[in-house]
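The values are calculated or read from the model by the stated rules, or taken from the named source; none is laboratory data. This structure is a prediction, so every number in the text was calculated from the model and none was measured. Here the Cβ is made from the backbone with ideal geometry for all residues, glycine too, and neighbour counts use every protein chain on show. For accessibility, only protein heavy atoms count, side chains too; no ligands or nucleic acids. Shrake-Rupley method; radii C 1.70, N 1.55, O 1.52, S 1.80 Å.
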Amino acid sequence: MAQAKRNYQRIVSFFAVLIVVSLIVLNAWARTEPTKVLCRVETDRAVLPAGNSQNVVLKITLDAPPAPSHIKRPLVNLALVLDQSGSMNGSKIEQAKAAAIEALNRLGLQDVFSVVVYDTNVHTIVPAQNARNIQGIIHTIQRIRANGSTALFGGVSQGASEIRKNLENNYIHRIVLLSDGLANVGPRMPEDLGRLGAALIKENISVTTVGVGTDYNEDLMARLAQKSDGNTYFVESGYDLPRIFSAELGDVLNVVAKKVKVIITLPDDVKAINIIGREGRIKGRQIELYMNQLYGDQEKYALVEVNIPKSKSGSKIKIAQADVTYENPFNQKQEKSTGISYASFSSDKKKVAKSTNIDVVKEYQLNLNALAQEKAIELSDKGKKKEAVRELKQSAAKLKQYGSLYKDDQLLKEADDLEVQAEMIEDEGMSKKSRKILRTKSYQRKNQQLSQ
Amino acid sequence: MTRKRSIIVFWALFLVPTLIMAVVAFKLLSHEQERLNTSAILALSERAKTISETIHLTVETVQDNLTQSLLDLNQDRLKKNLIEWEQTNPLVRNVFIFTKTQSLEYPVRGMESTLEERRFITRYDSLLSGRVKFDFHQDPSNEGVNIKGMADSYPDSNDDSVKKKPKKSSRQKLVALSKVQQKTMPQEEENNFLEGPENQSIEQSGWIPWFSENRLYILGWVQKYKNGPIYGIELELMTLLSRLVIDFPVLSEKGTALVLMDGNGNFMHQSGNLKADPKEKPVEVVSISGLLPHWRIAAFVDDKGFTSARGFLYISAILLGIFIVAIVSGGILLTRLTLQNIKDARQKTSFVSSVSHELKTPLTSIRMYAELLLSKRVKDENKTQTYLSVIVSESGRLTRLINNVLDFGKLEQGQKKYLHTAFKMDQFLYQIIEAHSIRIQNQGLKIITEVEKGKYGVKTDHDAIEQVVLNLLDNAIKYAGEGLFIKFVLKKEDGDILLKICDDGPGVPKEQQDMIFKKFHRVDNSLTSKQPGSGLGLSIARQIIRDLKGDLFFEPMPGNGSCFIVRMKNHDSD
């Protein structure tokens, strides 16, 4: 009995020591954790049903490390492009000013800051400069008055030109565009602004777009952000602006990888079918994707549908290999990361079902839902309200089905939200607000926008 | 009458030139305004032209540069270089390689291309499928061909957009200075191609403005060797525009705008703070160049003209207005003074004759009675008494008259001195009435006296007050005419003493009531008037009373007749 007790004590003390040691080791490991992006390639089910050829969803996940606290973060070159057209008058312009000052306060002395305002014309009120003379800049910002038209294109162009003054240096370049109205001077087609974004990203300039109120063109704003790899936000009233600017700056100050490129190589007998939610290139056995920037602790992923050949039960094959290359902004070095996915096959249906990777299924469904939302917008634009509502409701039902199957709260909540949205559209038609919510949400989902 | 005519003539002489001057000045001003407007519009369109030339030059330079860079590409690694270029150069939207076997080498049709590349292929389908030659607009025989996928219009000046390999021109030297910085390609090694007959260097190139779905795209292509591939780029128009608008000059004039418009009349950029309406007609339109077909710069001006020029008109009009007002008011002042002088002169003449007349009447009586008494023909004691009393009363009247004239002179010069003594107004009134009762009764007038109970102590100049009251009494006797009585009222009102002297004569006509206190004024101003008078009495009376801090005013009697009221400060405390 006493022996047993002593044994028991010994075991307990051994485990205690083990726990302490492992904690120390873990802690040390966490501290020295390399600032490296990890790449995972997963299928929706770890075990696939054996038999005929089948389509499988691949999720290529990039796990960004947290920004290392002991290394100086990369400097930021931020241009705020603010709408001061007549419609901004009142609380909107006041909140925009507050937001601009909030953003300025979050910058460090070495960061570069500029402010461009636009109405019918475009004015640079704070030329690119270090965020040192804060009081002077705040004073200038507070003198902004709203009136005139909306020269959005000119504003972004001018903002870009302020950014370009420091383009050669290793900054994180970012334009934050704020608008509450339709661009009525300068190009105004979403496609045109998209092209501007596509050109700016070649110079490593991203444009984040913030739409205020329900009168701006969400397609234009989303396209500009998408093509330049910025974020996009919709705020109904001006009061959310300081929070949004703060969140956006949190992202910008937290970039841990730049120029992220993913090349997925498939074995000979696996065929690429489709890229879901992202733009990319399928070159035979290779799939090329660009993701541009990763923020600290962000999980960004791509979903790809591939076709797998006939298989025997019990066999195991390599499905895909993903090679990630990116620039580490902390040391300006090119870094690489690789992820490989294997799949085994089984005829046991239970085993297959059990191996479901809920995360992949969930993200896949959410992305399909984002696409459904975009389709609904398109349908409603064509005047097909009923079809749009049906599209949304179908997508909601599907989300609900998966949500209850895997007991996932996020899916269920998303389904509920969408149903409410669909019913609203059914009752009142596609309101400006609904359209903006759908457009912005689908964008944020497809691009895994961190702050929302 | 002649005077009136001369005044009219004076005014005519004065007004006509002023008006003519005003009209001429106004016309000149509005001409000046128009001239200013025209010159401002001219300056604006001049600016528009300069801008359009700059844009043309920039676009041309960019295209020349890109052509040169394309030609300099290493032919061995063409595809790799082009793709790299597309990924890094914001001016490059798409790249393509078209081989001599008439097929598209890059981008590849299908899933291997991005959506953008697929759209690119669709856009240029007729070119990239080989149906249309790249140099189609260089060969006149091809010009009539109707090409599917191309819009109705091609640039009017195709010669401009298609060039042989540009030589080192002065324009190219400008590249270094040009605002749109060309990303220069890494200098490739001289190519290793042997100059065989099939690899004969021809270095053809061109830029094609291409319309698809009513939108402009610009494609540049080169062919270095006769049998080599045709390759090139699609220009990123938005980058070009984005860079161009930054250097758009700022317009400081209010009410003007320079607008860069695309082929569909959409505003691409605006300078100047006028909110230009796309539906409005611009005052000037300048086409940019064949490189950007149908793009133009339009100048807009506010409906009401230039604000600055309008300011000029306003200020000039105000100055002119002040000038005219000054002249006219000067004229009016002069006329008034002249009229016043004429009136004064007339009144003085009338005054002199009235005074002479006034003086003459008592003098005549005095002299006549004095001579009668001197001749001692009047024996009757009573008659002698009457004559003497007439002489006394007439000399009294004469004295008063002369006093009035003297006082008038003193009052006018402000030299009259007053001697203040305290006395009772009621006693004073009774004395006056007693002294003059005979005179009044002789005129057949009854004396009515109404004195309210109370103390009527005053402290003022006794003689001056007497003079005033006698003047009023004289007037009453003089003008009572057919009347029956003269009424004296003494009472208090608001602590002041009121002395009313009223008659029931014909009264004063309403329109004359304001005038009677003016000096020299007489209701009947003609020399032949029934009643003699200098026209000074009331004027002097009011002047004296006001000097003594009281007042004198007129009040018509109910029915007919008139009342003159003297208001004085009561010196007693009750």
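Going through B:L313, B:L319 one at a time, which residue ends up being assigned to a helix (DSSP H, G or I), free of Cβ contacts under 8 Å to residues at least 12 places away in the same chain and farther than 21 Å from B:I391 by Cβ?
Just a single option satisfies the conditions, and that option is B:L319.
Taking the range A:132-145, which residues are of a type outside the set (S, T, Y) and more than 14 Å from chain B (Cβ to nearest Cβ)?
Matches in the range A:132-145: A:R132, A:N133, A:I134, A:Q135, A:G136, A:I137, A:I138, A:H139, A:I141, A:Q142, A:R143, A:I144.
Identify all residues within the range A:148-175 that are at the interface with another protein chain (Cβ under 7 Å from one of its Cβ atoms) and in a strand (DSSP E or B); write none if there are none.
Residues satisfying the conditions do not exist here.
Which ones in the range A:204-221 are open to solvent by less than 20 Å² (accessible area, probe 1.4 Å) and not in a helix (DSSP H, G or I)?
Within the range A:204-221, A:I205, A:S206, A:V207, A:T208, A:T209, A:V210, A:G211, A:V212, A:G213, A:Y216 qualify.
Against the condition within 14 Å of chain A (Cβ to nearest Cβ), open to solvent by 10 Å² or more (accessible area, probe 1.4 Å) and in contact with a strand residue (DSSP E or B) (Cβ under 8 Å, 6 or more places away or on another chain), how does B:R93 come out, does it pass?
yes
Can you find a residue in the range B:458-471 that is out of contact with any Lys or Arg (no Cβ under 9 Å at 6 or more places or on another chain), in a loop (DSSP other than H, G, I, E, B) and on the phi < 0 side of the Ramachandran plot?
no
Residue by residue through the range B:200-217, note down the ones that are open to solvent by less than 30 Å² (accessible area, probe 1.4 Å) and more than 13 Å from chain A (Cβ to nearest Cβ).
Selection gives B:S205, B:G206, B:W207, B:I208, B:P209, B:W210, B:F211.
Does any residue in the range B:427-438 that is farther than 13 Å from B:L473 by Cα come within less than 6 Å, Cβ to Cβ, of a residue that is part of a helix (DSSP H, G or I) six or more places away or on a different chain, and which pairs are these?
Sorted first by the residue in the range B:427-438, then by its partner, the list stays empty.
Name the residue, out of A:K349, A:K385, A:K413, that is within 20 Å of A:V57 (Cα to Cα) and open to solvent by 70 Å² or more (accessible area, probe 1.4 Å).
A:K349
Could you figure out which of (1) open to solvent by 30 Å² or more (accessible area, probe 1.4 Å); (2) in contact with a helix residue (DSSP H, G or I) (Cβ under 7 Å, 6 or more places away or on another chain); (3) part of a helix (DSSP H, G or I) isn't true of B:R109?
Here B:R109 clears every test but (3).
Working carefully through the options B:T384, B:T460, find the one that is open to solvent by less than 50 Å² (accessible area, probe 1.4 Å) and under 18 Å from B:R542 (Cβ atoms).
Every option except B:T460 fails the conditions.
So which residues in the range B:74-90 are touching a strand residue (DSSP E or B) at 6+ places or on another chain (Cβ under 8 Å) and within 24 Å of B:D135 (Cβ to Cβ), if there are any at all?
Of everything in the range B:74-90, those that are touching a strand residue (DSSP E or B) at 6+ places or on another chain (Cβ under 8 Å) and within 24 Å of B:D135 (Cβ to Cβ) turn out to be B:Q75, B:L78, B:K79, B:L82, B:W85, B:E86.
Which of the residues that make up the range A:352-363 are surrounded by 14 or more Cβ atoms within 10 Å (Cβ to Cβ) and either modelled with pLDDT of 90 or more or among the aliphatic types (A, V, I, L, M) (or both)?
A:V352, A:I358, A:V360, A:V361
Starting from residues that are of a type in the set (S, T, Y) and in contact with a strand residue (DSSP E or B) (Cβ under 6 Å, 6 or more places away or on another chain), keep the ones in the range A:198-214 and report whichever is nearest to the other protein chains (Cβ to nearest Cβ).
That would be A:S206.
Kindly evaluate A:V116 against the criterion of being within 14 Å of another protein chain (Cβ to nearest Cβ) and assigned to a strand (DSSP E or B).
So A:V116 passes the test.
If you check B:I246, B:I230, which single one turns out to be open to solvent by 20 Å² or more (accessible area, probe 1.4 Å), hydrophobic (A, V, I, L, M, F, W, C), away from chain A (no Cβ under 14 Å) and out of contact with any Leu (no Cβ under 9 Å at 6 or more places or on another chain)?
Being open to solvent by 20 Å² or more (accessible area, probe 1.4 Å), hydrophobic (A, V, I, L, M, F, W, C), away from chain A (no Cβ under 14 Å) and out of contact with any Leu (no Cβ under 9 Å at 6 or more places or on another chain) holds for just one of B:I246, B:I230, which is B:I230.
B:M268 fails exactly one of the following numbered conditions: (1) within 11 Å of another protein chain (Cβ to nearest Cβ); (2) modelled with pLDDT under 85; (3) more than 21 Å from B:N65 (Cβ to Cβ). What is the number of that condition?
(2)
Take the residues of the range B:538-559 that are of a type in the set (K, R) and surrounded by fewer than 20 Cβ atoms within 10 Å (Cβ to Cβ): which is nearest to the chain's Cα centre (by Cα)?
B:R546
Evaluate the following for B:L445: is it under 21 Å from B:G561 (Cα atoms), over 60 Å from the mean Cα position of the chain (by Cα) and either in contact (Cβ under 8 Å) with a residue 40 or more places away in the chain or open to solvent by 40 Å² or more (accessible area, probe 1.4 Å) (or both)?
yes
Checking the condition in the same structural domain as B:S129 (by TED's automatic domain parsing) and part of a helix (DSSP H, G or I), which residue from B:I83, B:I97 passes?
Unique residue meeting the criteria: B:I83.
Looking for something part of a helix (DSSP H, G or I), of a type in the set (K, R) and at pLDDT 85 or above - is there at least one such residue anywhere in the range B:46-69?
Among the residues of the range B:46-69, at least one is part of a helix (DSSP H, G or I), of a type in the set (K, R) and at pLDDT 85 or above, which makes the answer yes.
What single numbered condition from (1) outside any strand (DSSP E or B); (2) away from chain B (no Cβ under 12 Å); (3) in contact (Cβ under 8 Å) with a residue 24 or more places away in the chain fails to hold for A:L224?
The number of the failed condition is (2).
Could you tell me which of the residues B:I327, B:I288 is more than 14 Å from chain A (Cβ to nearest Cβ) and not in a strand (DSSP E or B)?
Within the list B:I327, B:I288, the selection yields B:I327.
In this structure, is A:L109 surrounded by fewer than 17 Cβ atoms within 10 Å (Cβ to Cβ), within 11 Å of chain B (Cβ to nearest Cβ) and on the phi < 0 side of the Ramachandran plot?
no
What's the number of the condition B:G220 fails, among (1) within 11 Å of chain A (Cβ to nearest Cβ); (2) open to solvent by less than 10 Å² (accessible area, probe 1.4 Å)?
(1)
Which residues, taken from the range A:176-191, are within 12 Å of chain B (Cβ to nearest Cβ) and either in a strand (DSSP E or B) or surrounded by 22 or more Cβ atoms within 10 Å (Cβ to Cβ) (or both)?
A:A183, A:V185, A:G186, A:P187
Please pick out the residue among B:S573, B:S529, B:S534, B:S562 that is open to solvent by less than 50 Å² (accessible area, probe 1.4 Å), at pLDDT below 75 and over 20 Å from B:L411 (Cβ atoms).
B:S529
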